[in-house]
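All of the numbers you see were taken from the coordinates with simple rules; none came from a lab. Keep in mind the model is a prediction, meaning the values are calculated, not measured. Quick reminder, even Gly has a Cβ in these numbers, built from the backbone with ideal geometry, and neighbours come from all protein chains shown.
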Amino acid sequence: MALHFERIPTDIDPEQVNDYLYLLTQTRNCPSQSFFKFTVYGLRFAYRLEKMPERLIRLPKIKRESRLPIVLSRNEIKRLIETPKLLKHRVAIALLYGCGLRNHELRSLKVADLDFDRRMLHVRKGKRSKDRYVPLSVVLIEMLQEYIKKERPNNWLFYGRIAKPAASHQFCKYSQRGLQWVIRHHAANVQIEKPISPHMLRHTFATHLIEDGLDIVTLKELLGHVRIETTMVYLHVAQFDKSRAFSPLDTLYGVAEKRNRSVACPILLREFEGERWNKEKPVKASGS
């Protein structure tokens with residue numbers, strides 16, 4: 001900003017600062033919200049040091065494009081789960097999709113978090129350190145039991161190897177980059193051209209559940225969202241069955257059940273019959 005105005009920040013008035021920040025919002029590569037916050041907070045701190053409290057700098061309103069999440073089709077997700085040769089990779093991908101876990105939530109899972117009797121998964125310290133329980137599917141339970149039997153994990157459910165020193169063969173929690181590599185590597189093997197990431201499987205989990213008829217409130221709890229508005233974005237992504245009734249009028253007249261039988265709506269039939277009756281009705285000749 002000092003280079004832009006060719007003067008020190010304390011010589012720049014608040015109106016010029018706001019003009020500069022607004023100018024940045026109009027550029028092609030608009031900086032992040034954090035950049036604007038730190039710029040303003042830094043100026044406020046500088047003004048306090050220079051004993052200039054009258055200069056109030058406010059954050060400009062930044063309008064960003066609202067982008068819908070990208071999701072995988074059911075065929076794509078099935079291929080992604082089945083393609084890895086390592087059981088560890090198959091289970092990790094199945095958990096991301098089958099439970100809607102975030103990257104760090106999966107990597108932080110411990111063997112003690114699995115409750116096979118109650119068919120529940122305890123997700124500890126999710127976003128904003130919020131715990132939640134997520135149901136385990138029958139398929140996931142079978143995969144997890146086979147994985148634990150073969151791999152025998154002790155503490156963490158998924159281990160990653162420490163690179164240095166190489167001879168020590170020490171193990172630690174799965175790394176974020178390692179999990180990202182697993183997803184992208186196997187997605188490339190099955191020719192998935194979408195910009196895939198572990199979080200995309202969470203988006204796919206939510207979208208497919210809505211398509212299967214799950215209510216938005218229950219989905220909010222499964223995802224661990226604080227605000228329902230965050231969950232409602234998946235309503236715009238879901239592809240609903242076109243044969244289902246989306247109007248109460250169709251349900252009222254039973255058109256939804258008869259749609260596949262090419263039966264016309266009773267209202268239209270009645271209107272058509274009325275028009276036909278009017279045409280067939282003899283017209284009385286007027287007297288002369």
Once both label points are put 7 Å beyond Cα along the C-beta direction, the Arg67-Ala188 separation in nm becomes 2.1
Taking 7 Å along the Cα-to-C-beta vector as the label spot, tell me the Leu49-Asp13 distance in nanometres, rounded to one decimal. 2.4
Mind ranking 119-132, 202-215, 86-99, 173-186 by how tightly packed they are, going by the mean number of other C-beta atoms within 10 angstrom, highest first? 86-99, 202-215, 173-186, 119-132
Please work out the Cα convex hull volume for the range 110-230 and give it in Å³ per residue. 162
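For every other residue with a beta carbon closer than 13 angstrom to the beta carbon of Thr83, add +1 if it is Lys or Arg and -1 if Asp or Glu, then tell me the sum. Could you put the intermediate results ahead of the total?
Working: positive: Lys78, Arg79, Lys85, Arg90, Arg184; negative: Glu76, Glu82.
Around Thr83, the surrounding residues sum to +3.
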